[in-house]
Amino acid sequence: MHQTTITPPRAVEEHWITVDGTSTRYLESGKGSPVLLLHGEGGVADEWHPLLQRLATSNRLIAVDLPGYGYTEPIPNVDNAALAAFSWNFVHAMGLRQVAVIGHSLGGAVAVHMVKQQPDRVRSLVLISSSGMGRAINPGMVVLAATPLGDLTTWLIPRLPFGPEVLVTSMALLGSRRTWRLSRRWWASQVKAVSTPGALATTLRSHRAAVGPLGQRQVLLGQLRDLSTPTLVIWGVGDLLVPAWQAIAARRSLRHGQLKLVPFANHLVVMEAADEVAGAVRPFLARTGNALAGLEGGVER
């Protein structure tokens, strides 16, 4: 049973559902073929608000808070495979048989694992500034993962006056080139999410599972070659967290891949270049969904 609690403008609705005993929050908009959106490390579903508004005319968009992030309850294991398994449980709880999956950063690596786990149920895949496309990552991320600084940050931020606000502002400045394009809605939701108990601890656990002293631990390029799922790779040319050459490496590893590089955009490309991202995603979803239109029939809304 879904319980609607908040209805933001333009028919983006907040819902809660129980997934294997885990209270789970998600945002939803639109009607049509279902599209699951997976946020990045430390993020929340609200980062997808620009796409929830722009793509709702032709798709049913579902953006979930991953376990331990935002308002979804935590689960014991937060590595990519476990988060992918949880995401499939969420899809099942929603009554869906097949979905397109869009993942940003951490969510991109989780999306790849979803395809590996149940390839026949993923209609198409969009990887946006995805982790796992190479070892290289911003050196600051390595320091947080491999030194006690990560623990200190997790302990200190909730105790500092305006600690969550300072952290989110730092994320915005590091992750975007046109920071003024990041919405107040995203900033407020991110501050509130960071302030929830356990959110920073979950982020650090997930970060250390993915990043070590030599950079990203799990490089998925070799596994991309095994995917038959149509895949679109989107990346900001000015990404300071994961370099844009990893987008080119990912495209070369895919059997059915397309690439969209967004000029003057950083890691938070969905928010600072929403029109460009939506302009690439919309026709891609239309092309890859035509052959399967109506497959979800009874469960579309």
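Confirm whether Q53 is polar (S, T, N, Q) and at pLDDT 95 or above.
On the way: polar (S, T, N, Q): yes; at pLDDT 95 or above: no.
Taking the combined requirement at face value, the residue does not satisfy it.
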From the list G70, G40, which residue is crowded, with 23+ Cβ neighbours inside 10 Å, over 29 Å from L224 (Cα atoms), at pLDDT below 95 and not hydroxyl-bearing (S, T, Y)? G70
Sole residue being under 13 Å from the mean Cα position of the chain (by Cα) and either in a helix (DSSP H, G or I) or of a type in the set (G, A, S) (or both), chosen from L36, L51, L66: L51
Residues (among the aliphatic types (A, V, I, L, M), touching a Gly at 6+ places or on another chain (Cβ under 7 Å) and either within 20 Å of R287 (Cβ to Cβ) or part of a strand (DSSP E or B) (or both)) located in the stretch 251-271: V262
Please verify whether A81 is buried (at least 21 other Cβ atoms within 10 Å of the Cβ), out of contact with any Pro (no Cβ under 7 Å at 6 or more places or on another chain) and on the phi < 0 side of the Ramachandran plot, treating the condition exactly as stated. no
Residue check: is G95 modelled with pLDDT under 90, assigned to a loop (DSSP other than H, G, I, E, B), on the phi > 0 side of the Ramachandran plot and of a type in the set (G, A, S)? no
G70 passes all but one of the listed conditions (1) touching a His at 6+ places or on another chain (Cβ under 7 Å); (2) in contact (Cβ under 8 Å) with a residue 40 or more places away in the chain; the exception is number (1)
What is the one condition in (1) of a type outside the set (S, T, Y); (2) without any contact (Cβ under 8 Å) to a residue 40 or more places away in the chain; (3) surrounded by 19 or more Cβ atoms within 10 Å (Cβ to Cβ) that R184 does not satisfy? (3)
Could you check A85 against (1) closer than 27 Å to G175 by Cα; (2) modelled with pLDDT of 95 or more and say which number it fails? (1)
For the stretch 233-260, what are the residues that are more than 17 Å from G134 (Cα to Cα) and under 18 Å from the mean Cα position of the chain (by Cα)? K260
Whichever residue in the stretch 106-123 is in contact with a Phe, Trp or Tyr (Cβ under 7 Å, 6 or more places away or on another chain) and within 13 Å of L36 (Cβ to Cβ) and, among such residues, is surrounded by the fewest Cβ atoms within 10 Å (Cβ to Cβ): Q118
Identify all residues within the stretch 165-193 that are of a type in the set (D, E, K, R) and within 21 Å of G68 (Cα to Cα); write none if there are none. E165, R185, K192
If we scan the stretch 209-225, do we find a residue that is touching a Gly at 6+ places or on another chain (Cβ under 6 Å), surrounded by fewer than 24 Cβ atoms within 10 Å (Cβ to Cβ) and of a type outside the set (V, I, T)? yes
Any idea which residue in the stretch 139-180 is nearest to H207 (Cα to Cα), counting only those that are in a loop (DSSP other than H, G, I, E, B) and in contact (Cβ under 8 Å) with a residue 12 or more places away in the chain? S176
Could you figure out which of (1) surrounded by fewer than 20 Cβ atoms within 10 Å (Cβ to Cβ); (2) at pLDDT below 95; (3) not aliphatic (A, V, I, L, M) isn't true of T288? (1)
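The values are calculated or read from the model by the stated rules, or taken from the named source; none is laboratory data. Remember, it's a predicted structure, so these values are computed and weren't measured experimentally. Neighbour counts run over all protein chains shown; Cβ positions are idealised from the backbone, glycine included.
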